[in-house]
1. Could you pull out every residue, at least 5 positions away or on a different chain, whose amide H is within less than 5 Å of the one on SER125? Hs are placed 1.01 Å off N in the peptide plane, and Pro or chain starts have none.
2. Express the Stokes-Einstein translational diffusion coefficient of the stretch 59-106 in µm² s⁻¹, to the nearest whole number, given a Kirkwood radius over alpha-carbon pairs, 20 °C and a viscosity of 1.002 mPa s.
3. Which one, ALA88, VAL17, PRO137, projects farthest toward the positive side of the charge dipole computed for the chain from Cβ point charges (K/R +1, D/E -1)?
4. Could you pull out every residue, at least 5 positions away or on a different chain, whose amide H is within less than 5 Å of the one on ALA30? Hs are placed 1.01 Å off N in the peptide plane, and Pro or chain starts have none.
5. Gap in Å between the Cα centre of the stretch 71-137 and the Cα centre of the stretch 33-58?
6. With the contact rule set at Cα under 8 Å and sequence spacing of 6 or more, what percent relative contact order holds for the chain?
7. Using mean Cβ contacts within 10 Å as the protection proxy, how do 3-14, 66-77 order, highest first?
8. Once phi is turned into θ = phi - 60°, what whole-Hz ³J(HN,Hα) does the Karplus curve with 6.51, -1.76 and 1.60 give for every residue of the stretch 24-40, x standing for Gly and Pro?
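The values are calculated or read from the model by the stated rules, or taken from the named source; none is laboratory data. Note that this is a predicted model, so its numbers are computed, not measured. For neighbour counting, all protein chains shown are included, and Cβ atoms are generated from backbone atoms with ideal geometry for every residue, glycine included. Calculation scope for accessible area: heavy atoms of the full protein, side chains included, ligands and nucleic acids excluded. Shrake-Rupley method; radii C 1.70, N 1.55, O 1.52, S 1.80 Å.
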Amino acid sequence: MDFQELIIKAIKKGEVVKLLRGEGEYEVVASEFTSDVFPTDINSVLVNCFYKQRDKIDNIEKIFDNAFNELIKGNASDVYIAVLYFDACIFQEEKGKASFLIDKEGVSKKLQEQLHKVRNKLRDSVEFENGMKKSNPWNNITNFNKYYEKKYGICII
């Protein structure tokens, strides 16, 4: 898959949020060996469509930030996907592989606000654009939160 072509197409069509969601032609299928349900291959999209494009596409950090913030404001499924990207960003930063950094504290506050609004739905299930359903994503969110509190002193719930 040509990730540079994918992100350029999404930018030109104003569909970067769709790329983050893995919607339609933008789905990057996660490994069949993954034991969880994902809307798209989050790490692959983050690394290949954004981090690796930093020197090739002007303002790629801002493009990611804008789409990421739009995702945070969405429905329960979008907010959960935003949490997955937040976690992937932190993971990549910790490995020293991120070509730009996110504002963990600022994003955590935005996530906390939206998670509060959709928490009941997240305690049930969410369905992604690819038709896959994730049961009780709240469990994952609380586990992520424990790590963020311990390591960074930030809270998303």
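1. The answer is ASN136.
2. Estimated diffusion coefficient is 192 µm²/s.
3. PRO137
4. Under 5 Å from the amide H of ALA30 lie the amide H atoms of ASP41, each far enough along the sequence or on another chain.
5. 14 Å
6. Relative contact order, the chain: 22 percent.
7. The packing order, highest mean first, is 66-77, 3-14.
8. Working through the residues one at a time gives x, 5, 8, 5, 10, 5, 6, 3, 5, 8, 6, 8, 10, 9, 10, x, 6 Hz.
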